[in-house]
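Report on the following structure.
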Amino acid sequence: QPLDSLVHTPIGWRRMGDIVVGDVVSTPDGKVAKVLGVYPQPKKAIFKISFSDGRSVEACGEHLWEVHHKHWRGKYKKGQSRAGQAKPRVISTMEIQGLLESNQGDFKLPLPAPVEKPEAVLPLEPYLLGCLLGDGLIGKGNRITFSSQDEEIIEALRKQVPHEVELVSVPGSDYDYAITMKEGRAGGGRREGGVYSRNPVRQAVGLEGQRSWEKHVPDIYKNASIKQRWEIIAGLMDTDGTVDKGGSLSFISTSHQLAKDVQEMVWSLGGIASIKETKKLYKTPSGEKMQGRPAYKVNIRHSNREMFFKLNRKKVRVSKEYQYKDSLKLKITSVEEVRWDLAQCIYIDHPEHLYITDNYVVTHNTRMFDILIS
């Protein structure tokens with residue numbers, strides 16, 4: 001891969017060009033492997049490999065991939081899906097390009113298990129932040145509000161807000177709540193709306209004053225542990241997520257960055273997520289039709305869909321019987337040459353010889369045979 005490609009390690013991303021013998025990299029089975037060999041390459045043609053959910057990676061023509069195709073039959077066990085039992089092949093970027101050009105069907109890569117990262121020390125509980133990003137407002141002037149008609153979410157948030165504050169009903173509203181300092185806590189006198197200064201929720205994540213189309217997930221949360229990432233995803237999906245009658249999952253937001261953040265976290269948890277922009281008209285009080293802000297819908301596919309919700313009324317709609325539970329894979333859509341650049345190969349101590357590169361794509365290391373003849 002080119003030297004500026006990223007390789008995932010147990011402590012985060014590193015440039016391919018910075019990887020040395022003895023480093024440890026993440027593997028798609030949720031484990032790690034030591035780098036046994038590093039092999040710098042001269043300038044080569046670099047190809048961009050694109051996938052069906054919008055992600056892409058770069059590699060040279062000789063770089064290897066574990067590729068699946070429904071017609072590459074293996075041995076099958078009675079009662080199991082044939083698609084899930086097909087045998088993959090390890091082939092090069094150039095070979096994939098040739099197969100795509102020959103129109104022989106879909107070629108896919110395996111997805112990683114949820115990618116482990118160190119547990120993070122977070123300023124707010126991740127489920128709380130997910131809910132606030134979905135249906136909350138961290139406004140200017142200490143204004144922090146949250147809207148929901150689900151008592152189950154309200155009770156969960158009451159337990160998760162910092163001990164200095166409390167979630168209280170807004171007078172005159174059935175569904176609006178304010179996060180305010182408790183009586184007698186330090187922080188000065190009450191201000192507008194009964195909110196004290198120094199509210200730890202407002203100060204914790206640096207999201208104050210952001211409007212709905214400006215929201216995002218702070219990097220510290222996107223790079224937190226598996227459990228912490230599932231928690232923030234559940235908060236986002238319990239508020240702005242949907243599971244339809246057919247069991248399909250989606251998340252929608254007017255913030256393109258927030259949609260991309262959800263997409264990235266789903267990728268990091270071993271799923272597929274694509275973004276589609278939608279535009280809707282709305283009527284003004286005078287009846288005039290106006291173009292609204294674009295919304296961004298994240299369509300999600302994952303083998304463990306029940307993990308996306310805590311809210312029971314949504315969770316019960318997620319059937320555990322899912323046709324892709326054991327065979328969900330990432331479709332390759334194109335391979336095209338994009339530049340010439342220096343590259344590097346690595347060889348890792350792992351039986352499958354697979355590691356995780358840009359956008360949580362699973363790729364293969366170099367073969368010992370190639371090392372011996374180079």
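The values are calculated or read from the model by the stated rules, or taken from the named source; none is laboratory data. On a predicted model such as this, the values are computed, not experimentally measured, just so you know. Quick reminder, even Gly has a Cβ in these numbers, built from the backbone with ideal geometry, and neighbours come from all protein chains shown. Accessible surface areas use protein heavy atoms only, side chains included; no ligands, DNA or RNA. Shrake-Rupley method; radii C 1.70, N 1.55, O 1.52, S 1.80 Å.
Based on the Cβ-Cβ distance from residue 339 to residue 147, what FRET efficiency comes out when R0 is 41 Å, to the nearest 0.05?
Working: r = 48 Å, r/R0 = 1.18.
FRET efficiency, residue 339 to residue 147: 0.25.
Before I look further, what does the chain give for accessible area per residue, probe 1.4 Å, in whole square angstrom?
Values: 18860 Å² over 374 residues.
Value for the chain: 50 Å² per residue.
On full extension, the segment bounded by residue 288 and residue 227 gains 17.3 nm, given 0.36 nm per residue less the C-alpha separation. Tell me which aspartates and glutamates have Cα within less than 19 Å of residue 70's Cα, excluding those fewer than 8 residues away on the same chain? Of all the aspartates and glutamates, those that pass the test against residue 70 - Cα under 19 Å, at least 8 places apart if same chain - are 95, 101, 106, 326.
Going by a ≥ b ≥ c, the root eigenvalues of the Cα gyration tensor, does region 228-356 fall in the rounded group (a/c under 1.5), the prolate group (a/b larger than b/c) or the oblate group? Intermediate values should be presented prior to the final figure.
Working: a/c = 2.51, a/b = 1.43, b/c = 1.76.
Judged from the Cα gyration tensor, region 228-356 comes out oblate (a/c at least 1.5, b/c at or above a/b).
Ignoring ligands, DNA and RNA, what percent of the 1.4 Å accessible area of region 1-49 is carbon and sulfur? Carbon and sulfur together cover 58 percent of it.
If you take the square roots of the eigenvalues of the alpha-carbon gyration tensor of region 138-183 and sort them as a ≥ b ≥ c, do you get rounded (a/c under 1.5), prolate (a/b over b/c) or oblate?
Details: a/c = 1.71, a/b = 1.13, b/c = 1.52.
It is oblate, given that a/c is not under 1.5 and a/b is not larger than b/c.
Summing charges over neighbours of residue 275, with a neighbour being any other residue whose Cβ is under 9 Å away from its Cβ, gives +1 when K and R count +1 and D and E count -1. Nonpolar atom fraction for region 267-338, defined as the carbon and sulfur part of the 1.4 Å probe accessible area, stands at 45 percent.
Here each label is just a point 7 Å from Cα along the line to Cβ, and for residue 119 and residue 21 those points are 3.6 nm apart. Across the chain, the mean sequence separation of Cα contacts (distance under 8 Å, 6 or more residues apart), normalised by length, yields a relative contact order of 26 percent.
Please label the shape of the chain as rounded, prolate or oblate, based on the square roots a ≥ b ≥ c of the eigenvalues of the alpha-carbon gyration tensor (a/c under 1.5 means rounded; beyond that, a/b larger than b/c means prolate, else oblate).
Values: a/c = 2.20, a/b = 1.83, b/c = 1.21.
Since a/c reaches 1.5 and a/b is larger than b/c, the shape of the chain is classed as prolate.
The local environment of residue 292, defined by Cβ-Cβ distances under 9 Å, has a net charge of +3 under the rule Lys, Arg +1 and Asp, Glu -1. Go through 87/222; 159/222; 159/227 and tell me which ones have a Cα-Cα distance over 28 Å in this structure. Over 28 Å Cα-Cα: 87/222.
FRET efficiency for residue 39 and residue 256, Cβ-Cβ distance as r, R0 = 25 Å, nearest 0.05? Intermediate values should be presented prior to the final figure.
Details: r = 39 Å, r/R0 = 1.57.
Given R0 = 25 Å and the Cβ-Cβ separation, E is 0.05.
Cross-link reach is defined here as a Cα-Cα straight distance under 21 Å, omitting same-chain residues fewer than 8 places apart; for residue 289 the lysines meeting it are 279, 280.
For residue 87 and residue 274, the difference between the fully extended length at 0.36 nm per residue and the C-alpha to C-alpha distance is 64.7 nm.
I need the peptides 22-30, 359-367 ranked by packing, meaning the mean over residues of other C-beta atoms within 10 angstrom, with the highest value on top. Before the final figure, lay out each step's value.
Numbers: 22-30: 18.0, 359-367: 21.2.
Packing proxy ranking, top to bottom: 359-367, 22-30.
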